[in-house]
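Following: one structure in structure tokens, then a few remarks.
The values are calculated or read from the model by the stated rules, or taken from the named source; none is laboratory data. The shown structure was predicted, so the numbers you read here are calculated from the model rather than taken from an experiment. Positions of Cβ are backbone-derived with ideal geometry, glycine not excepted, and every protein chain shown enters the neighbour counts. Just so you know, the surface numbers come from the protein's heavy atoms only, side chains and all, with ligands and any DNA or RNA stripped out. Shrake-Rupley method; radii C 1.70, N 1.55, O 1.52, S 1.80 Å.
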Amino acid sequence: MKKEKRLATLCVQAGWEPQNGEPRVLPIIQSTTFKYDNSEEMAMLFDLKKEGYFYTRLQNPTNDAVARKIAALEGGIGAVLTSSGQAANFYAVFNICEAGDHIIASNEIYGGTYNLFGVTLKKLGIECTFVGPDASEEDIQRLFRPNTKLVFGETISNPSCRVLDIEKFARIAHRNNVPLLIDNTFATPVNCRPFEWGCDIVTHSTTKYMDGHATQVGGVVVDSGNFDWQAHAEKYPGLCTPDDSYHGLIYTEAFGKLGYITKLVAQLMRDLGSIPAPQNSFLLNLGLETLHLRMPQHCKNAQRVAEFLHDDKRVAWIHYCGLKDDSDYRLGQKYLPNGSCGVIAFGLKGNRDTAIRFMDSLELINIVTHVADARTCVLHPASHTHRQLTDEQLREAGIAPDLIRLSVGIEDAEDIIDDLKQALAQL
């Protein structure tokens, strides 16, 4: 029996296994198309009767190798790379939902995803009901409808840094015969593997820690293979009834547990695109090779910084599950015992202008839209990414108007703290 490789080894070597005489490093196959000797071979590929490459919008060797690596890291059976994390969440939902359907999502999620679910999907006829992650099982149960198709949450919410009770949400989802979809971007599989807690589908913005160097924008959808679509065929006709665009092929019958991933590629990628460039996947793979080394350093630094901010009299509040008096400390110890991530949410005593003065005084730490890479950076959502929202709308989305999102990098922790000290001293 072949022994399973440990996570650090998977980070470095999974996905690309060169044969005799092939490149040791994953090559960039920067080609849109692939040559075949006869028409019949190409026809078999288009009918999904044969595996192979024929057009990069559907499959590319470089992209697929990186997708295999991430699937291995998460413990899934298959994965698909997308052009962004936003695309990954859209594809993951749209692959099993259509006009007239309903989904349930935690309200403490990334603002772009909140808007995607609450505004854009609504224009496509898919309605979303948001619920607080602390809601009781009874309250969440009351939100389900006959047309509810999935439940969504983030392992660690962006930007509020709340930890989701994955088992609770999985239990409720499965009781209602729908899958649980988790965005695992902040935790990464180094610190949490949601499939082990009952989740069915995982997404990531690979732009963040997986890349780790802010060099490419990307996303991924990973399927656990655990949800039995065929057992609930009436809920998921897209997977369990004939697809007229493939001569009546039924994905769950033709591809078994790989039906979900195959449909996402063969139907959604075919019709909508949103693929990453092979060059971007190559850069992502370089980041993945050190993910297991970087995440512990992010967490170690963030713990030091969180403890400093926690004890500073100018800080009004702080959310970081590594702090023993944090409201999510218990959940953090359960789901993230080795550390959560490098992102901290906190507020300063004062008002919005206080947050702006503080950030403008920082020197080492940069104000950027990005989060979760090697360099420490900061953002005030109410003034930047969410500036169109009122204070009331911010609170509905689980974001305090004074929230500052600090993404602690892998520099020396003392230098990061020194910069915070001098900026706080100028308030």
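Within region 83-118, the set of residues being open to solvent by 10 Å² or more (accessible area, probe 1.4 Å) and part of a loop (DSSP other than H, G, I, E, B) comprises Ser83, Ser84, Ile96, Glu98, Ala99, Gly100, Asp101, Asn107, Glu108, Tyr110.
Filtered by the rule that a residue be open to solvent by 90 Å² or more (accessible area, probe 1.4 Å) and under 21 Å from Glu289 (Cβ atoms), region 26-51 gives a lone residue, Gln30.
Total residues in region 119-132 satisfying the condition of being part of a loop (DSSP other than H, G, I, E, B) and either within 18 Å of Pro179 (Cβ to Cβ) or touching a Lys or Arg at 6+ places or on another chain (Cβ under 6 Å) (or both): the figure is 1. Apart from one condition, Lys69 fits all of (1) open to solvent by 30 Å² or more (accessible area, probe 1.4 Å); (2) modelled with pLDDT of 95 or more; (3) more than 27 Å from Ile250 (Cα to Cα); the exception is (1). Scanning region 254-268 for residues that are farther than 19 Å from Asp200 by Cα and open to solvent by 30 Å² or more (accessible area, probe 1.4 Å) yields a count of 2.
Being under 19 Å from the mean Cα position of the chain (by Cα) and either at pLDDT 95 or above or outside the structural domain of His213 (by the TED database) (or both): is that true of Arg405 here? Against the criterion (under 19 Å from the mean Cα position of the chain (by Cα) and either at pLDDT 95 or above or outside the structural domain of His213 (by the TED database) (or both)), Arg405 qualifies. Scan region 167-183 for residues that are in a helix (DSSP H, G or I) and open to solvent by 20 Å² or more (accessible area, probe 1.4 Å) and the total you get is 5. Cβ-Cβ distance below 8 Å, separation of 6 or more or different chains: which pairs start in region 20-32 with a residue that is under 18 Å from Ile275 (Cα atoms) and part of a loop (DSSP other than H, G, I, E, B) and end on one that is open to solvent by 90 Å² or more (accessible area, probe 1.4 Å) and modelled with pLDDT under 90? Correct list of pairs: Thr32/Tyr55. Give the residues of region 341-372 that are under 22 Å from the mean Cα position of the chain (by Cα) and either assigned by the TED database to the domain that holds Pro189 or open to solvent by 10 Å² or more (accessible area, probe 1.4 Å) (or both), sorted by residue number. Of everything in region 341-372, those that are under 22 Å from the mean Cα position of the chain (by Cα) and either assigned by the TED database to the domain that holds Pro189 or open to solvent by 10 Å² or more (accessible area, probe 1.4 Å) (or both) turn out to be Val368, Thr369, His370. Mind telling me which of the residues Phe152, Phe186 ends up being of a type in the set (Phe, Trp, Tyr) and either open to solvent by 10 Å² or more (accessible area, probe 1.4 Å) or closer than 16 Å to Cys128 by Cβ (or both)? It is Phe152.
Residue check: Ile399 meets all listed conditions (1) at pLDDT 90 or above; (2) closer than 20 Å to Arg162 by Cα but one, namely (1). Restricting region 271-318 to residues that are part of a strand (DSSP E or B) and open to solvent by 50 Å² or more (accessible area, probe 1.4 Å), the residue that is nearest to Ala88 (Cα to Cα) is Trp317. Only one of the numbered conditions (1) closer than 23 Å to Asp402 by Cα; (2) touching a residue at least 40 places away in the same chain (Cβ under 8 Å) is violated by Asp134, and that is (2).
Scan Phe195, Phe144, Phe186, Phe227 and give me the residue that is of a type in the set (Phe, Trp, Tyr) and in contact with a strand residue (DSSP E or B) (Cβ under 6 Å, 6 or more places away or on another chain).
Phe186
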